[in-house]
Amino acid sequence: MKSNRYIRQTTLKSFGQEAQKKLADARVLIVGLGGLGLPVAQYLNAMGVGTLGLVDGDVVELHNLQRQVLYTEENCGTSKLEAAIRFLEKQNSETNLKGHQLFLDRNNALNIIENYDVIVDATDNFPARYLINDACVILGKPFIYGALHAFEGQLSVFNYREGPTYRCLFPNMPKSGEIANCDQHGVLGVLPGIIGNLQALEAVKVITGIGQVLSGKLLLFDGLSQRTQQINFTLKTENRQIKSLAEDYNSASCDARMKSQEIELFLKKSYDPDSDQLIDVRSSEEFKEDHLPNAINIPLNVLDQNLDVLHPAKNVYLLCASGLRSQKAWELLKDHVAPERLIVIQGGMNTLRMATKP
């Protein structure tokens, strides 16, 4: 360790060399390299966390740049993980960076999470949060939670020293139609930076033992009024009894799913316009940026107004950026199209781009 690199931290009487050593010995996993994960990664990297694990299977898109400020226009269409690692290596050559080019799921979560001390949840969907929670309970790992909506943010620390878990605050996963996300409802660009930096601060507190950790407390931040409030919640002991991951963390109950890696081969060899429809439920702006041949764009927010486009005798393949909006579309359409004819494309365009990248 370079002697003067962290001098502004080590001169703090309540921090010092001892806390700096704890940072250097720590192994932190950041799940998601979007608006929340990037400020967490940048600050923990700059502050001297010894090992940073980075999980993301996504690619950079133009509409990310408004809030994911590590990336540039030159990164569009390329791996978020690769772009982030290139930046972080230049920022701090002393950090041990471990990249995981994938989306966390029930098949890989335990194997990845068990190698880290602290988990930072920087995802943007409920299935991932419940998966991270359950894996952390099983493995005894604390995790730092952050969430965004429009002009507001949330922050907490779960499973810290056998404290309350995510399920103690949110016992049940919301139904598909109840889930809000920034794809549909938007988020002010600066907000992820605020909440992400607060997540980084909580991670530092957990690692070093300084200050009061937000365990059993949910911090609510209103960006328009600059007001914060804290809500207390308590441990429900049954939520610490999880011994295995659930069979399925998808919020939609659809059984028919196609992996996005398979869709290109399907379109080339098996797609029949007389018996198949490919419905892209992303926004019109996303569709204009990039779309698959034969795709029909019906944004999710107007899908229920365009049911006449769907042919009752055709197989309907649902596509979005990551698969989440496709699952919501499945819920909306299951009463109008025979469920066996509705197919959600898992991973969406993001995974497809990575699978077809030369």
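Laboratory data are not the source of any read-out in this text; all were calculated from the coordinates shown. Computed from a predicted model, the values in this text were never measured in an experiment. Neighbour counts run over all protein chains shown; Cβ positions are idealised from the backbone, glycine included.
Counting only helical runs of four or more DSSP H residues, what would the 222 nm mean residue ellipticity of the chain come to if each run contributes -39,500 (n - 2.57) and the total is spread over all its residues?
On the way: 13 runs with 117 residues, N = 358.
Taken over the chain, the calculation gives -9000 deg cm²/dmol.
What residue among PRO142, PRO164, PRO174 shows peak mean-square fluctuation when the chain is described by a Gaussian network model with Cα springs under 10 Å?
PRO174
Take the chain, connect every pair of alpha-carbon atoms lying under 10 Å apart with a spring to form a Gaussian network, then pick out the residue of GLN346, GLN327, GLN20 with the largest mean-square fluctuation.
GLN20
What are the residues whose amide H is under 5 Å from the amide H of ALA321, where those residues sit 5 or more places off or on another chain and H is modelled from the backbone?
MET349
Just grab the label-to-label distance for ASP274 and GLU238, each label 7 Å out from Cα along the Cβ direction, in nm (one decimal).
5.5 nm
Treating the chain as a set of equal point scatterers at the Cα positions, no solvent, please give the Debye-formula log₁₀ I(q)/I(0) at q = 0.10 Å⁻¹.
-0.64
Compute a Gaussian network model of the chain, connecting alpha carbons closer than 10 Å, and tell me which residue from ASN197, ASN111, ASN75 fluctuates the most.
ASN111
Over 21 Å between Cα atoms, which of LYS141/LYS217; LYS141/LYS243; LYS98/LYS141; LYS21/LYS80; LYS13/LYS141; LYS314/LYS334 qualify?
Where the Cα-Cα span goes over 21 Å, the pairs concerned are LYS21/LYS80; LYS13/LYS141.
Which percentage, to the nearest 5, of the DSSP beta bridges contained in the chain is antiparallel?
That works out to approximately 35 percent antiparallel.
Taking N as the number of residues in the stretch 273-318, what is its Cα Rg relative to 2.2 N^0.38 Å?
1.11
Separation between the ARG27 and GLN226 pseudo-spin-labels, each 7 Å from Cα along Cα→Cβ, expressed in nm?
4.2 nm
Compute the angle between helix 80-91 and the longest alpha-carbon principal axis of the chain, please, reported from 0 to 90 degrees and rounded to the nearest 10.
Between the helix axis and the principal axis of the chain, the angle is about 20 degrees.
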